[in-house]
Amino acid sequence: MLFKNLFYILSIFVLTSSALSRRIDPVKMSCTIVNNDGSVTFYWKNPIIPTDFKQFVFYQSNNGIVFNKLDSSNIALTNNYTHQTLQGNISQQFYYVEIISQSGESSISDTIGTIYFQLDNNSPDFDKADLYWTKVADIPPEGSNGWYQIYWDYPDGNWNFIDSSQNDSYSRDLVVCFDSINFKIELENSFCNSTSNIRGDLFKDVGYPQTVDFDSVSIQDSKTVLGWAQSQSADVVGYILYRYEQSTWLAFDTVAGISTTFYTDTLFNPCEQNYEYAIAAIDSCGNRSEGSFLQPQRPILFYDIGYNVCNKQDTLIWEQYENPDPELGNYIVWRSDNGGAFVPIATVQPQPAPNPPVGINAGQMWFIDSDIVPGTVYRYFIQAAFGGKSSSSCIKEMSSYSYKVPDYIYFANADVLADNQIELNIDVDTTVFSCLWEIFRSGIPGSSGSLVYSLSKEDLSSFPLNYFDAEADPLSTSYDYYAIVNDSCGFETYTSNILSTMYLQGSKPDEQTNRLNWSPLEGWETEVEKYYIFRVSGTDDGSAPIDSVDALTYNYDDIIDAAQASDGKFTYWIEALQKPGGYYDYEALSKSNRIDLFFESDIFFPNAFKPSSATNKEFKPVFNFFSGSDYLLQVYNRWGQLIFLSEQADKGWDGLYKGKKQKSGVFIYRLSYKNVYGISVERKGSFMLVD
């Protein structure tokens, strides 16, 4: 500037010293334009050009102090010049124009500079542009208002005005995902606009949204409803929702809008499956906030209600609500009766009570509602309360009822079978939902007996209840049977009648009489009508009774003879017939145990035998049948020597001794055995062997 001023003073001195001198008006600098290649084009307004115009001389400086002649032009109408340089893009350039006449007169314009523009993008997040530039002059050129206009080529690649400033700096926060943006500065002028160099840089949004405050997870209409607080990051455009499945976090949906704060998951039924949820915010550039994976939310899993019909109680079990914020205050149990409004019935503290009832795992929450009225439809849900927030479970429903108590139990029959099993028949109430029948047996009159069999309603396969007692010994005693029915809650409801089996015994008061004695059958609802006597012998097959007696007679004498017994054995049993009628209307038949009585056959010995004869070849006893045991026949010669013995009743002596025929003579026999009643019998005598 000093050089320029000295030049200007010298020019004035020269002009004023000449009497013929005439002042030439200077040009007025208007604008400078930095071209893309760094060259600079500057414009000016010309004054009235003198008739003796000679030339324009252009001066340039890199610092505004030391100027050098740049070029000249002798075209009077010239109003711009382009400085071919690269410096316009890397520094400020200064220019002025001198106009010279043929007479040597000249005038010098004011100095004008280029707008040298610099851009700073050094913020940590690459999301702020700081712009700095030089002014064209301390006093704006004529026609300019001093407002520098700022342009960028964003977002469509065209130059767009964004703001203006009278200062030489400007800052702007950018919401740019990832883009290269160019800027330039212009100063308006009525003649032309000064334009800066172009500066650009890469801008990107590396700022992540704030973590979302996951408010709560609740259940409505069997669907999971997620709620959260609106993000505090202004550029959030939506939220990503996560569900924990198959041991990993899966993003299952995205919701749009920063103000969207609710979501309903319709894919899973939270009444049957329980999942953890997390959330993250996403901004317009796709940047995601930290997900709430370390503090996931899980709704209350409310299990099906357990109804205890015996105690008239509903047991409610649920899993803890996960990660409430703030801490969980308590659980509220809500109940609706028969479709009425829900009302709170209990408050449960969040710490599981020690020693939970059977069926409840450690850590599970539970509540027992003892205020149950059978025949009522109850609906429940559990609400977790924490701070001003809450989360509700599914609604579970239960219809209470009363169990049906068995109305009766009747011991219908106890029948001794041929194989000595005792077949038991019991009339039971099968209209109950569940119960347990127990059968007791006693071989000692008046005793409570012992349990021999139990059967549940679910196992009942026939009606009436039928059981075969193979452990009893009906050959040795009579038995008392009775049954007890326990209802589905295990309470003893009814005890049946006591039914006594018949115990049959027999004796032989004489050889022709079989005497029967039996204990009466007792316990039927109606009396015994009569007793039938059955017998199996050589002439009877037992298909029909041989006789009957009235209900008050418990003995019978059977007169027999040898013709009736092919093997000497008579088998007897008694069958009681029940009178018809009564509440249960049974006409039962009940048999006693079976006994055997025997007829002793007469035994005869021949006094002689001849082995060579056709009819009497052996010596042995003669009888119709032998029913005894321990049979032994011995034959001795007259010297007392044992020459034959037999342990089989059908085998006699053939007259040989050691394979040799014995001579005619007298021989001695001895027969010993036990009869059917275990009495020892012995017969001795002699006979003649005839040759």
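No other residue among Asp510, Asp480, Asp585, Asp487 is out of contact with any strand residue (DSSP E or B) (no Cβ under 8 Å at 6 or more places or on another chain) and under 26 Å from Ile439 (Cβ atoms) apart from Asp585. Is it the case that Gln383 is over 30 Å from Thr526 (Cβ atoms), touching a strand residue (DSSP E or B) at 6+ places or on another chain (Cβ under 8 Å) and buried (at least 18 other Cβ atoms within 10 Å of the Cβ)? It is true that Gln383 is over 30 Å from Thr526 (Cβ atoms), touching a strand residue (DSSP E or B) at 6+ places or on another chain (Cβ under 8 Å) and buried (at least 18 other Cβ atoms within 10 Å of the Cβ).
Residues in region 324-343 that are in contact with a strand residue (DSSP E or B) (Cβ under 8 Å, 6 or more places away or on another chain), surrounded by fewer than 18 Cβ atoms within 10 Å (Cβ to Cβ) and farther than 13 Å from Trp366 by Cα: Asp325, Pro326, Glu327, Gly329, Ser336, Asp337, Asn338, Gly339, Phe342, Val343. Being among the small types (Gly, Ala, Ser) and either out of contact with any Leu (no Cβ under 9 Å at 6 or more places or on another chain) or under 30 Å from Pro509 (Cα atoms) (or both): is that true of Ser672 here? In short, yes. Within region 642-660, the set of residues being of a type in the set (Lys, Arg) and in contact (Cβ under 8 Å) with a residue 12 or more places away in the chain comprises just one member, Lys651. Would you call Asp561 within 26 Å of Gly628 (Cα to Cα) and acidic (Asp, Glu)? When the stated conditions are applied, Asp561 passes them.
Only residues that are surrounded by fewer than 19 Cβ atoms within 10 Å (Cβ to Cβ) and in contact with a strand residue (DSSP E or B) (Cβ under 6 Å, 6 or more places away or on another chain) were counted in region 84-105, giving 2.
Across region 169-223, the qualifying residues are those that are surrounded by fewer than 21 Cβ atoms within 10 Å (Cβ to Cβ) and of a type in the set (A, V, I, L, M), and the one among them that is nearest to Ile115 (Cα to Cα) is Ile198. Scanning region 308-351 for residues that are closer than 30 Å to Ser434 by Cβ, of a type in the set (Ser, Thr, Tyr) and out of contact with any Lys or Arg (no Cβ under 7 Å at 6 or more places or on another chain) yields a single hit, Thr315. Ser454 meets the conditions (1) of a type in the set (S, T, N, Q); (2) out of contact with any Asp or Glu (no Cβ under 7 Å at 6 or more places or on another chain); (3) on the phi < 0 side of the Ramachandran plot in every case but one. The failed one is (2). Being assigned to a loop (DSSP other than H, G, I, E, B), modelled with pLDDT of 95 or more and not small (Gly, Ala, Ser) is the filter here; which residues of region 327-349 pass it? The answer is Asn338, Phe342. When region 213-241 is filtered for residues that are outside any strand (DSSP E or B), over 16 Å from Glu276 (Cα atoms) and in contact with a strand residue (DSSP E or B) (Cβ under 7 Å, 6 or more places away or on another chain), the ones remaining, listed by number, are Ala229, Ser231, Ser233, Asp235. Of all residues in region 484-512, those that are within 30 Å of Asp561 (Cβ to Cβ) have Cβ atoms under 6 Å from Cβ atoms of residues that are of a type in the set (S, T, N, Q), 6 or more apart or on another chain, in Met502/Ser519; Met502/Ser592; Tyr503/Thr477; Tyr503/Ser478; Tyr503/Ser519; Leu504/Ser592; Leu504/Asn593; Gln505/Asn517. Of the residues Gly157, Gly143, the single one that is surrounded by fewer than 20 Cβ atoms within 10 Å (Cβ to Cβ), touching a residue at least 40 places away in the same chain (Cβ under 8 Å) and of a type in the set (Gly, Ala, Ser) is Gly143.
How about region 123-162: which of its residues are within 59 Å of the chain's Cα centre (by Cα) and either under 20 Å from Asp110 (Cα atoms) or of a type in the set (Gly, Ala, Ser) (or both)? Within region 123-162, Ser123, Ala129, Gly157 meet the criteria. Being closer than 30 Å to Leu202 by Cα, without any contact (Cβ under 8 Å) to a residue 60 or more places away in the chain and assigned by TED's automatic domain parsing to the domain that holds Met29 is a description that applies to Ser91. For region 197-212, residues that are part of a loop (DSSP other than H, G, I, E, B) and in contact with an Asp or Glu (Cβ under 7 Å, 6 or more places away or on another chain) total 5. Just name the residue that is nearest to the chain's Cα centre (by Cα) out of those in region 224-242 that are more than 30 Å from Ile395 (Cβ to Cβ) and crowded, with 20+ Cβ neighbours inside 10 Å. Once the filter is applied, the top-ranked residue is Ser231. Total residues in region 580-622 satisfying the condition of being surrounded by fewer than 17 Cβ atoms within 10 Å (Cβ to Cβ) and under 25 Å from Lys508 (Cα atoms): the figure is 5.
For region 253-268, the criterion of being among the hydroxyl-bearing types (Ser, Thr, Tyr), in contact (Cβ under 8 Å) with a residue 24 or more places away in the chain and farther than 28 Å from Gln210 by Cβ is satisfied by at least one residue.
Among the residues of region 162-173, is there at least one that is closer than 27 Å to Asp25 by Cα and either at pLDDT below 95 or not aliphatic (A, V, I, L, M) (or both)? No, region 162-173 has no match at all. If you filter region 368-383 down to residues that are in a strand (DSSP E or B) and aliphatic (A, V, I, L, M), you find that the one that is farthest from the chain's Cα centre (by Cα) is Val377. Say we look at region 388-408 and pick out the residues that are part of a strand (DSSP E or B) and more than 17 Å from Asp314 (Cα to Cα); which of these is nearest to the chain's Cα centre (by Cα)? Selected residue: Ser392. Of the listed requirements (1) within 24 Å of the chain's Cα centre (by Cα); (2) farther than 30 Å from Ser488 by Cβ; (3) not aliphatic (A, V, I, L, M), Asp314 misses just one: (2).
The values are calculated or read from the model by the stated rules, or taken from the named source; none is laboratory data. Computed from a predicted structure; not experimentally measured. Don't worry about glycine lacking a Cβ; one is built from the backbone with ideal geometry, like all the others, and counts go over all protein chains shown.
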